[in-house]
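Note sheet for the following structure.
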There are 2 protein chains.
Amino acid sequence: MPSYNLAIVGMGNVARALLRLLISKETDLRRRYDIRWRLTGIATRRLGWVADPDGLNPLAVLHGHPVTPHGAAAASPPRNVREWLERARADVLFEATSLNVETGQPATDHLKAALECGAHAITANKGPIVHAYHELCALAKEAKKQFLFESTVMDGVPVFSLFPFGLPATDIRGFTGVLNSTTNVVLTEIEKGRSLDEAVKRAQAMGIAETDPTADLDGWDSAVKIVALAIVLMGVDVKLENVQRTGIRELSEEKVRSVRSSGTGVDLRVSPELLLTTDPLANLEGSSSALRFDLDVFGLSFVEHNPGVEATGYGLLADFLRAVQP
Amino acid sequence: MPSYNLAIVGMGNVARALLRLLISKETDLRRRYDIRWRLTGIATRRLGWVADPDGLNPLAVLHGHPVTPHGAAAASPPRNVREWLERARADVLFEATSLNVETGQPATDHLKAALECGAHAITANKGPIVHAYHELCALAKEAKKQFLFESTVMDGVPVFSLFPFGLPATDIRGFTGVLNSTTNVVLTEIEKGRSLDEAVKRAQAMGIAETDPTADLDGWDSAVKIVALAIVLMGVDVKLENVQRTGIRELSEEKVRSVRSSGTGVDLRVSPELLLTTDPLANLEGSSSALRFDLDVFGLSFVEHNPGVEATGYGLLADFLRAVQP
């Protein structure tokens, strides 16, 4: 029965949700997939690079207790991501640091290091797709490892995994969606009579909004997501600055729309939009998100109903299973 | 470049939609998937078993022109499905005959014959899943061929193909949906002021309702679909008679609901239900259908927007690609 060494960089809500799921589904993974795992590396700004090939205690990590490597591993801590991955003998890297919209760093470097060290590279961070998708795919191919990123758009909903296996020989003509959970939660709370600040605090308490909600409220998060979708699923070479982005702090609705223009290329737009009440996008409650693909053969929507942070953690777990049982 | 011999039994709307797609996507299949195909067998009640390993003219089939096998193939026509499959040297059988709710025949026998003759067995017919799912899976495993049936529920929407690859290590706790296109079209037409009869005729003219719409209007079609979903995705051994089915001829809404009961087993129900206008299921127009899965990690819905019969044909085409490039 194969056992995999897992390393996680970034220990925020998403990484913690992943760890909880790994623990709660441990028996299930063994029985259904014949898979065992061991946590051999964690890295955070506070703790630095912590690695132990004999395994760290995941419950201690979750409860914020000190995690100390044993024996030789304790002697001199790794000084960078490569030393850390090697010391952890990592088979899989989970990249869960927070998004840097402008550079996609340091997430991209973490993923490159993983692939170069012979580990699968799995990310919940959208930055690397927007800034280094082709480079990371090429590295993964060369290393015969997987570069996976399902949780970057709609958490664990298999948006990327669906293509091409689920929908072979289709053409995507465009897509439309509500992709930012924080905004949706904030708007729902405002509808209930709360102020913007109170609403943001509630979204943070739910583990959905980040400490700095700017990326969400100003549409950056959605813009990064639609660029990722366009690059990966439509095969077009777009940049973040190609997105027409309208801030939505004062507004009551967010809609992400992408329509392939009649000429070459793709138009990408993030903006608040008024919807008919019969529009499925108008009835999304709380943290729900939705994405509609206009394919040549039919139109297909996905709706994720009021997910918690567990759903994003699940996306990482699912990528792990896809990587090791492709 | 591999070329596959295709045989189609049943030449109604769905099979014709498949043929049109095969023709329109011929170049695409060659370029993107390195796949060629040839139509070597068709069978209908009117024409009988027609096979020619050198290929029949698909355009003649579509236009209802006579299709005559050449040379030796013309001498004595095949007398049954096995002779036909062998004469056609079929690599893939598409089963597109109409549904027999009680027995699942003769579709089940066609699929068995295909697998026993070494062809992939692809069906748009739900009967065989309800009546012979395990037997057909076992035959496919033995023959190292694929038994696929994506188009039986929600046309080409990858409901079955999504599991387990797209959603590994999840538990399905239940599902709810609007699964019958004919009913939805009929209700939409009635809302516009038409009578039931007129509405049914329109649905037939659109190629969505069958000549005898009883199976749709009395909920049999939906009942067969939820049994298929329960058998395949939840792994439970249910029969059609376990479904609580309420006819809907007089009613304004159809809802299919399946909820796993707290004890063992599964409760399956087809019935008309009043919905809140904010319910995504209440806003499905025309031939649209929807399916919501309640998973342990989140809730996920699919909506197929106003598909035509092309969407069902696409489900068969997609299964063909999945079978030959697994």
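The values are calculated or read from the model by the stated rules, or taken from the named source; none is laboratory data. What you see is a predicted model; the values in this text were computed from it and never measured. All Cβ positions, glycine included, derive from the backbone under ideal geometry; neighbour counts span all protein chains shown. Ligands, DNA and RNA are stripped out before the accessible areas are found, and what is left, the full protein with its side chains, is counted by its heavy atoms. Shrake-Rupley method; radii C 1.70, N 1.55, O 1.52, S 1.80 Å.
A few remarks follow.
- Taking the listed residues A:258, A:262, the one that is open to solvent by less than 10 Å² (accessible area, probe 1.4 Å), under 25 Å from residue B:311 (Cβ atoms), modelled with pLDDT under 95 and more than 7 Å from chain B (Cβ to nearest Cβ) is A:258, with no other qualifying.
- Residue check for residue B:291: assigned to a strand (DSSP E or B) and either of a type in the set (A, V, I, L, M, F, W, C) or more than 14 Å from residue B:208 (Cβ to Cβ) (or both): yes
- Selection count, the stretch A:203-216, where residues are among the hydrophobic types (A, V, I, L, M, F, W, C) and open to solvent by 10 Å² or more (accessible area, probe 1.4 Å): 4
- Those residues of the stretch A:64-114 which are at positive phi and in contact with a strand residue (DSSP E or B) (Cβ under 7 Å, 6 or more places away or on another chain), in sequence order: A:89
- So residue B:30, is it in contact with a helix residue (DSSP H, G or I) (Cβ under 8 Å, 6 or more places away or on another chain) and either modelled with pLDDT under 95 or not aliphatic (A, V, I, L, M) (or both): no
- Restricting attention to the stretch A:98-114 and to residues that are among the hydroxyl-bearing types (Ser, Thr, Tyr) and part of a loop (DSSP other than H, G, I, E, B), the residue that is surrounded by the most Cβ atoms within 10 Å (Cβ to Cβ) turns out to be A:98.
- Test set (1) part of a loop (DSSP other than H, G, I, E, B); (2) modelled with pLDDT under 80; (3) within 14 Å of chain A (Cβ to nearest Cβ) - residue B:282 fails condition number: (1)
- Single match in A:108, A:183 (criterion: among the β-branched types (Val, Ile, Thr), farther than 25 Å from residue A:282 by Cβ and away from chain B (no Cβ under 14 Å)): A:108
- Among residues of the stretch A:176-202 that are open to solvent by less than 70 Å² (accessible area, probe 1.4 Å), those with a beta-carbon under 6 Å from a residue that is small (Gly, Ala, Ser) and part of a helix (DSSP H, G or I) at least six positions away or on a different chain give the pairs A:179/A:222; A:180/A:222; A:182/A:203; A:185/A:203; A:186/A:199; A:186/A:203; A:189/A:199; A:190/A:199.
- Counting only residues that are under 16 Å from the mean Cα position of the chain (by Cα) and within 8 Å of chain B (Cβ to nearest Cβ), the stretch A:285-307 holds 2 of them.
- The residues of the stretch B:1-43 that are open to solvent by less than 60 Å² (accessible area, probe 1.4 Å), within 14 Å of chain A (Cβ to nearest Cβ) and under 19 Å from the mean Cα position of the chain (by Cα), listed by number, are B:14, B:17, B:18, B:21, B:22.
- In the stretch A:44-56, the residue that is farthest from residue A:95 (Cα to Cα) out of those that are touching a helix residue (DSSP H, G or I) at 6+ places or on another chain (Cβ under 8 Å) and open to solvent by 40 Å² or more (accessible area, probe 1.4 Å) is A:54.
- Checking each residue in the stretch A:298-322 for being of a type in the set (A, V, I, L, M), in contact with an Asp or Glu (Cβ under 9 Å, 6 or more places away or on another chain) and open to solvent by less than 10 Å² (accessible area, probe 1.4 Å) picks out A:300, A:311, A:316, A:318.
- Elements of type helices (runs of 4 or more DSSP H) contained in the stretch A:115-226, each with 2 or more residues being within 29 Å of residue B:29 (Cα to Cα): A:127-143
- Residues within the stretch A:161-175 that are touching a Lys or Arg at 6+ places or on another chain (Cβ under 6 Å) and either polar (S, T, N, Q) or surrounded by fewer than 16 Cβ atoms within 10 Å (Cβ to Cβ) (or both), tallied: 1
- Residue match in the stretch A:79-100 (condition: in contact (Cβ under 8 Å) with a residue 24 or more places away in the chain and closer than 30 Å to residue A:295 by Cβ): yes
- Qualifying residue in the stretch B:122-144 (condition: open to solvent by 10 Å² or more (accessible area, probe 1.4 Å) and within 14 Å of another protein chain (Cβ to nearest Cβ)): no
- Among (1) away from chain B (no Cβ under 14 Å); (2) more than 19 Å from the chain's Cα centre (by Cα); (3) closer than 30 Å to residue A:178 by Cβ - the single one residue A:86 does not satisfy: (3)
- Tabulated pairs, the stretch B:151-167, first free of Cβ contacts under 8 Å to residues at least 24 places away in the same chain, second open to solvent by 10 Å² or more (accessible area, probe 1.4 Å) and not hydrophobic (A, V, I, L, M, F, W, C), C-beta under 6 angstrom, 6+ apart or interchain: B:166/A:161
- Within the stretch A:3-47, the set of residues being of a type in the set (Gly, Ala, Ser) and in a helix (DSSP H, G or I) comprises A:15, A:17, A:24.
- Taken as a whole, the condition of being within 30 Å of residue B:317 (Cα to Cα) and either within 14 Å of chain B (Cβ to nearest Cβ) or at pLDDT 95 or above (or both) applies to residue A:156.
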